[in-house]
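Notes follow the structure.
The values are calculated or read from the model by the stated rules, or taken from the named source; none is laboratory data. What you see is a predicted model; the values in this text were computed from it and never measured. Cβ atoms come from the backbone with ideal geometry, glycine included; neighbour counts cover every protein chain shown. Quick note on the areas: whole protein, heavy atoms, side chains included, nothing else; ligands and nucleic acids left out. Shrake-Rupley method; radii C 1.70, N 1.55, O 1.52, S 1.80 Å.
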Amino acid sequence: MSLLFDKATLGSLPLQNRLVMAPLTRSRASGNIPNELMAQYYAQRASVGLIITEGTSPSPNGLGYARIPGVFSVEQTAGWTPVTKAVHAQGAKIFMQLMHCGRVAHEFNLPAGAHVLAPSAVAAAGEMFTDSAGMKPHTVPLAMTEAQIRATIEEFAQAAKNAVTAGFDGVELHGANGYLLEQFIRPNSNRRTDRYGGSIENRARFVLEAAEAVISAVGKEKVGIRLSPFGVFNDMPVYPEMEADYTWLAQQLSARGLAYIHLVDHSPMGAPPVPDSVKTAIRGAFKGALILSGGYDAVRAESDLAAGKCDLVAVGRPILANPDLVARWKAGAALNAPDFGTFYTPGPKGYTDYPALG
Ligand SMILES: Cc1cc2nc3c(=O)[nH]c(=O)nc-3n(C[C@H](O)[C@H](O)[C@H](O)COP(=O)(O)O)c2cc1C
């Protein structure tokens, strides 16, 4: 008897098991267009219950990193269709993670005419890789006008429609890890004095309006969100009201009927731990499904599911390196180690060539 490997549902969506492939940026989409190699990569991993794709931009302005895919053009939407077909053929469901990078960007990675946008004109500390000039400090973003806020929300809604057209079962709003939605939530990156800044009600307004727009575009059962309370990635320091803010946000998301909240815990990657009290508070405040992630192995996944701490468990690095992770975990087999050097490099090496069990 295994909760992890049993059939389950996410809302009314049937899943072949409770294991989720976490979103993993792999930078194989040259020209920001998904391709056959990506379809092969996702199909190899489709013995999980649910795949959440790598962060995918809803807008030319959101393409902060080199070679990440988008979902705002006809060509991109067409490029995603073979991915969803290949994944569905193996029995998994697939959500697209909508990631607008906001200020975690360099202008060299953006197409002509696009702009690095953020709630306020405050650059994120640190550097990022560009294909044309190597490592560069993050671009100082433009503070979004109300018109740009409205246009960006509309881009999220259209991107969600495009994802559904491409065969996706839903979308996950990337509200974690220092990208645009989190840049609005956090007071260090959001210094606005209008109705999008200041109190948590104001700082969360952009996220909630984006969620509402996406829900009216594709339906609430098809919308989840990823959040990283206590996450510090991409220059996002912890601040005193953090736990209260995220508990309030979870209540608001619950009232809007989102299918799930997906919590990030990067303590296994060296980040400060997410207090258990936060996970429990969000579990209590949100009536949809809860996905937990970060450093899971089969034993811990099974035990957190059995304890009712979450409904599904997501894994990143283990499934990156082990396309047949479900079979390996079921058999208690040894795992391939992830090769950090090929996480973001172009081509099949370290992408589609991890061996499956013979
Ligand atoms: C190569 C790589 C790329 C990642 N890309 C994303 C991403 O696009 N979106 C996201 O929300 N998280 C991303 N993450 C974080 C993972 O989804 C996950 O939270 C993290 O790897 C911790 O889980 P794990 O211990 O099972 O690997 C990435 C992690 C890695 C290692």
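Could you say which residue among Glu54, Glu75 is surrounded by fewer than 21 Cβ atoms within 10 Å (Cβ to Cβ), out of contact with any His (no Cβ under 8 Å at 6 or more places or on another chain) and not hydroxyl-bearing (Ser, Thr, Tyr)? From the options Glu54, Glu75, the qualifying one is Glu75. If I filter segment 266-312 down to residues being open to solvent by 40 Å² or more (accessible area, probe 1.4 Å) and of a type in the set (A, V, I, L, M, F, W, C), which single residue comes out as nearest to the ligand (Cβ to nearest atom)? Per the criteria, the residue is Met269. Has segment 313-325 got at least one residue that is over 25 Å from Ile225 (Cβ atoms), near the ligand (Cβ under 10 Å from one of its atoms), modelled with pLDDT of 95 or more and among the hydrophobic types (A, V, I, L, M, F, W, C)? Within segment 313-325, one or more residues are over 25 Å from Ile225 (Cβ atoms), near the ligand (Cβ under 10 Å from one of its atoms), modelled with pLDDT of 95 or more and among the hydrophobic types (A, V, I, L, M, F, W, C).
With respect to Asn177, is the statement that it is open to solvent by 10 Å² or more (accessible area, probe 1.4 Å), at pLDDT 95 or above, within 16 Å of the ligand (Cβ to nearest atom) and of a type outside the set (A, V, I, L, M, F, W, C) true? For Asn177, the condition - open to solvent by 10 Å² or more (accessible area, probe 1.4 Å), at pLDDT 95 or above, within 16 Å of the ligand (Cβ to nearest atom) and of a type outside the set (A, V, I, L, M, F, W, C) - is met.
Figure legend. Inter-residue proximity from segment 251-278: first residues among the aliphatic types (A, V, I, L, M), second residues assigned to a loop (DSSP other than H, G, I, E, B) and open to solvent by 50 Å² or more (accessible area, probe 1.4 Å), beta-carbon distance below 7 Å, spacing 6+ or different chains. Indicated pairs: Ala259/Gly11; Ala271/Val232; Ala271/Phe233.
Conditions tested, residue by residue: (1) farther than 21 Å from Ala356 by Cα; (2) more than 16 Å from the ligand (Cβ to nearest atom); (3) touching a strand residue (DSSP E or B) at 6+ places or on another chain (Cβ under 7 Å).
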| position | (1), (2), (3) |
| --- | --- |
| Thr9 | yes, yes, yes |
| Tyr42 | no, no, yes |
| Ser47 | no, yes, no |
| Pro58 | yes, no, yes |
| Leu63 | yes, no, yes |
| Arg67 | yes, no, no |
| Lys85 | yes, yes, no |
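Cβ-Cβ contacts under 9 Å between residues 6 or more apart (or on different chains), taken from a first residue in segment 311-330 that is over 17 Å from Lys93 (Cα atoms) to a second residue that is basic (Lys, Arg) and not in a strand (DSSP E or B), are listed as Pro318/Arg328; Leu320/Arg26; Leu320/Arg45; Asn322/Arg45; Asn322/Arg328.
Given the structure, is Tyr260 away from the ligand (no atom under 16 Å from the Cβ) and either at pLDDT below 95 or open to solvent by less than 30 Å² (accessible area, probe 1.4 Å) (or both)? It is false that Tyr260 is away from the ligand (no atom under 16 Å from the Cβ) and either at pLDDT below 95 or open to solvent by less than 30 Å² (accessible area, probe 1.4 Å) (or both). Considering only residues in segment 326-336 that are closer than 23 Å to Ser267 by Cα and either within 15 Å of the chain's Cα centre (by Cα) or surrounded by fewer than 19 Cβ atoms within 10 Å (Cβ to Cβ) (or both), the one that is nearest to the ligand (Cβ to nearest atom) turns out to be Leu335.
Against the test of being within 16 Å of the ligand (Cβ to nearest atom) and open to solvent by less than 40 Å² (accessible area, probe 1.4 Å), the options Gly219, Gly231, Gly167 yield a single qualifying residue, Gly231. Of the helices (runs of 4 or more DSSP H) that lie entirely inside segment 176-227, those containing 1 or more residues that are of a type outside the set (A, V, I, L, M), under 29 Å from Gly11 (Cα atoms) and within 18 Å of the chain's Cα centre (by Cα) span 180-185, 205-218.
Selection of first residues in segment 331-358 that are free of Cβ contacts under 8 Å to residues at least 60 places away in the same chain and of second residues that are open to solvent by 70 Å² or more (accessible area, probe 1.4 Å) and assigned to a loop (DSSP other than H, G, I, E, B), restricted to Cβ pairs under 8 Å at least 6 apart or on distinct chains, gives the following pairs, ordered by first then second residue: Ala331/Leu357; Ala333/Leu357; Asn336/Pro355; Thr342/Lys349. Selection of strands (runs of 3 or more DSSP E) fully inside segment 1-116 by the criterion of at least 3 residues being touching a Phe, Trp or Tyr at 6+ places or on another chain (Cβ under 8 Å) returns 50-56, 93-98.
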